[in-house]
């Protein structure tokens, strides 16, 4: 088994090494969890955002369309 120091990584291997660190390392997974839960529970945030969205403008467009079809 060969172990290499980060300083021996070539220029072309650096992006792959960085991607590995962000996606598969302990640091990367902690960072992902931190970003996912920074504002709180994602499901609760999505539900609150959905219920607080003003749908009246969209409903008005649909009403106008349906009224124009009946005429």
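The values are calculated or read from the model by the stated rules, or taken from the named source; none is laboratory data. These numbers were taken from a predicted model, which means no experiment stands behind them. As a convention, Cβ positions derive from the backbone with ideal geometry for all residues, glycine included, and neighbour counts pool all protein chains shown.
Can you run down the residue pairs with Cβ atoms below 8 Å, 6 or more apart or on separate chains, where the first is in the stretch 34-51 and closer than 22 Å to residue 23 by Cα and the partner is modelled with pLDDT under 90 and surrounded by fewer than 11 Cβ atoms within 10 Å (Cβ to Cβ)?
From the stretch 34-51, the pairs are 42/36.
Hey, can you tell me all the residues within the stretch 1-19 that are modelled with pLDDT of 75 or more and part of a helix (DSSP H, G or I)?
Within the stretch 1-19, 14, 15, 16, 17, 18, 19 meet the criteria.
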